[in-house]
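Here's the structure, in structure tokens; my notes come after.
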Amino acid sequence: MKHRLYKISLFIWVLPLTCFALPIEKTIQAEAPALFKIYKGFHQNPELSNQETRTAKILARYLKKAGFKVKSHVSNHGVIAYFQNGKGPTLMIRAELDALPLKERTNLPFASHVQSTKNGKKVGVMHACGHDVHLTTAIGLARLFKHHQKLWRGTLVIVGQPAEEIGRGAKALLSANFLKHLPQKPDAILGLHVSAHHAIGTVVYSPGWTTAHVQTLGISITGRGGHAAMPHLAKNPIYAAAELTTQLEKIAATHHKYAALSLGQFSGGTKSNIIPKTTHLKLSLRTFSKAQRNKVIKAIKDQSAGIAKKRNVQIKVNDGSTGTSAGYNDPSLSTHLSKALIPHLGKKNIMTTPPVFFGDDFSEYYQQTKIPAIQFAVGSISPKRFKATSKLPSLHSPRYYPDMPGTLTHAMRTMGHYLIYLFKKL
Ligand SMILES: [Zn+2]
Ligand SMILES: [Zn+2]
């Protein structure tokens, strides 16, 4: 009896899922070779931030072909595309167009040999952050959702965003008011990113804070310069800077749970026999909330003031430029993500993680519009390679590569099921 009941309940549980899942599953599998070809095209022709002319053109062409309305050249290379399929929510996906100044060392048969110039120097160019995967997935999803219009109602928006790697593309699209090119404001904004440290078949996300607010801090220490023969007449700013540096390391340790403070640059002086007048330090401060930032900056300013007084030098702390805002994953979109994917990927393959101190300008969409957003990662390493080594190259490594076509199929499956779920739920 128990056994029969189990069978009936299993039947009831599985039936709607398979009815739902099978049509898109079939299309994803069938599309894999064509998408792999498109992926290779992007991978072999990477373009640096704000130089994404070809990439934007190709993305726009594929989206047009899939039946999307496309607006190109929004704030330089931005591509804004949408497909309306009746009354329902508007969901937006962001895909990044740019690659990195790196010489590829993967030895793949389709490795990039592209070179470009950056600051007057010749550099190799490589998609080492998986943006080629994100672009191809967006094209695959455009085709999938056009093909399976009976499975959803609403508007699907795809945004090709330039200049993510320099943290300026999202801000540029927002200041060009890219939303005006859409029939209505999105109800949710979704960002998918490959993970270099997770196996294909897994999904990782942080509910709430997810990526960091990245800020550069500059500290200048001014003393009195002089001849090395008469140090008693000078106020050597290097000693003050050295003392401050040890204090900065202590501040970093005290606040390490919610802040990453790193000293990246220490400069001052020209020659051993000249005591310089000034010394400069440059730090990167990564936090999530304003309160956390204020705490760390106050600790730095307090220590600086103490050392300045003791050594009779001037120390100025500049809050400096901000790279990216902190990324925030909407709590209900986070719950929807696991609910949507557990039936298709299995509970153990959906993982949550604490927020990371990396920055990604995907954060700007929520921070500037308050439209609920979520950014999550999909594993890109074949289970075999994942088991074989614990030393996988990270994103931005010239040796990183996602296994293909498994990564594309996994990304399509993940975003495909999530979108269908959200089109019904929101
Ligand atoms: Zn990157
Ligand atoms: Zn990236």
Rounded to 10°, Cα long-axis angle of helix 237-254 versus longest principal axis of the chain
40
Listed residues VAL74, VAL317, VAL203; largest mean-square fluctuation, Gaussian network over the chain with Cα springs below 10 Å, found at VAL317
Amide H neighbours of HIS198 under 5 Å, counting only residues 5+ apart in sequence or on other chains, H built in-plane at 1.01 Å?
SER380, ILE381
Candidates LYS71, LYS277, LYS310: whichever shows maximal mean-square fluctuation once the chain is modelled as a Gaussian network with Cα springs under 10 Å
LYS310
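For a test of the definition: using alpha carbon positions, the gyration tensor, and the 1.5 limit on a/c, classify segment 74-173 as rounded, prolate or oblate.
Judged from the Cα gyration tensor, segment 74-173 comes out oblate (a/c at least 1.5, b/c at or above a/b).
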Log10 I(q)/I(0) at q = 0.11, 0.17, 0.19, 0.25 Å⁻¹ for segment 214-318, from Debye over equal alpha-carbon scatterers, is -0.35, -0.74, -0.87, -1.32
For segment 180-223 and segment 271-331, what is the separation of their C-alpha centers, rounded to whole Å?
23
Under the rule of at least 5 residues apart or a separate chain, name every residue whose amide H is placed under 5 Å from the amide H of TRP209.
ASN329
I need the shape label for segment 259-309. Rule: rounded when a/c is under 1.5, else prolate if a/b > b/c, else oblate, with a, b, c from the alpha carbon gyration tensor.
oblate
Length added when fully stretched, LYS57-LEU233, from 0.36 nm per residue minus Cα-Cα:
56.9 nm
Could you work out the relative contact order of the chain, using alpha carbon pairs under 8 angstrom and six or more residues apart, expressed as a whole percent?
22
Run through the DSSP bridge list for the chain and note the antiparallel percent, rounded to the nearest 5.
70
Need one number for the chain: average projected area of the convex hull over its C-alpha atoms, nm².
25.0
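For segment 278-345, what is the Kirkwood hydrodynamic radius in Å, using each pair of distinct C-alpha atoms?
15.7
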Of ASN76, ASN119, ASN236, which is the most mobile in a GNM of the chain whose springs link Cα atoms less than 10 angstrom apart?
ASN119
Enumerate the amide H contacts of HIS193 below 5 Å, restricted to partners 5 or more residues apart or on another chain; note that Pro and chain-start residues carry no placed amide H.
PHE376, ALA377, VAL378
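Read the figures in this text as sums done on the coordinates, not as results from a lab. What you see is a predicted model; the values in this text were computed from it and never measured.
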